[in-house]
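Bear in mind these aren't lab numbers, they're just calculated from the coordinates by the rules spelled out. Computed from a prediction, not measured in an experiment: that's the story for all the values here. Positions of Cβ are generated from backbone atoms using ideal geometry, with glycine treated the same way; all protein chains shown enter the neighbour counts.
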């Protein structure tokens, strides 16, 4: 429970879930860390066909079935529909929140026209494999430097607090898609006159993909989402430049090898492989599949 003596609005924490019962137990341990207040609520939107979240998480959170389509945005909308809090805190199931995460969002005043607050997403330092180290070196999911935050106008739903009234006025997340829905929501709220702020002290720890296949699949999915975004918001998300990028990677790999910088040479090689995955993914569909 949250320490007494402080006041803030009620928050509904919404987490989309896809995995098995073991993954559900991991999520339960993560959610049990949160210092929630008496009016806060934890909601897990189960996006699995078999309802794997039900038994492991039943005593820790409200479970909502979201089994119409394989989409985290479909699941987040399902969770938000039953939420009662003034604010919605969207987290990802592969993130471990700091115990004081909810309170940290409210330590500084929030402007009346602010609808989105992006917390910090820090890579898990205990992951010592190549790809997690690469993701941390590249600030892969940083809300200010990573894939979502470079323009300062969007943030990832791995750790995002949203004013419920603004969320509902925007119609929630776009559904029927695999990727890009968080950026789209941020841009639609911006166009409606709402603002985005950062709360670096509101932190979660994220476990990055550890296999090359998982990493490249994630890049490919993001790329499909980028093309969808570019269609929905013309000119916003063009394909990454492939040939110049590969040439630059090759040049930097050689230069780093000459200087004995093996880690950076390897990272630049992964940059090049990621460019290829993005080029392939940019041509793929972003349509979410139905859960059979």
Cα-based helix-to-principal-axis angle, 262-281 vs the chain, degrees rounded to 10: 70 degrees
Stretch gain in nm, segment residue 232-residue 144, where the contour uses 0.36 nm per residue and the Cα spacing is subtracted: 29.4 nm
Estimated [θ] at 222 nm from DSSP helical runs (n ≥ 4, -39500 (n - 2.57)) normalised by residues in the chain, nearest 500: -12000 deg cm²/dmol
Relative packing of peptides 68-74, 33-39, 139-145 - highest average C-beta neighbours within 10 Å first: 68-74, 139-145, 33-39
Extension gain, residue 191 back to residue 39 (0.36 nm per residue minus Cα-Cα distance, nm): 51.6 nm
Contact order relative to length of the chain, as percent, for alpha carbon pairs under 8 angstrom and 6 or more apart: 19 percent
Angle in degrees between helix 212-232 and the longest Cα principal axis of the chain, rounded to the nearest 10: 80 degrees
Dimensionless Rg ratio for region 220-281, taking C-alpha atoms and the 2.2 N^0.38 Å reference: 1.33
0 to 90° range, to nearest 10: angle between helix 181-191 axis and the chain longest Cα axis: 70 degrees
Ranking of 153, 7, 55 by count of other Cβ atoms within 10 Å, fewest first: 7, 55, 153
Fewest-first ranking of 182, 128, using other Cβ atoms within 10 Å as the exposure measure: 128, 182
Largest to smallest principal axis extent of the C-alpha atoms in region 153-292, angstrom: 56, 37, 33
Percentage of interatomic Cα-Cα distances in region 64-219 larger than 24 Å: 32 percent
Rh by Kirkwood over Cα pairs, then Stokes-Einstein D for the chain at 1.306 mPa s and 10 °C, µm²/s: 80 µm²/s
Base-10 log of normalised Debye intensity for region 78-170 (one unit scatterer per alpha-carbon) at q = 0.23 Å⁻¹: -1.29
Estimated translational D of region 4-54 in µm²/s (Stokes, Kirkwood radius over Cα pairs; 25 °C; 0.890 mPa s): 202 µm²/s
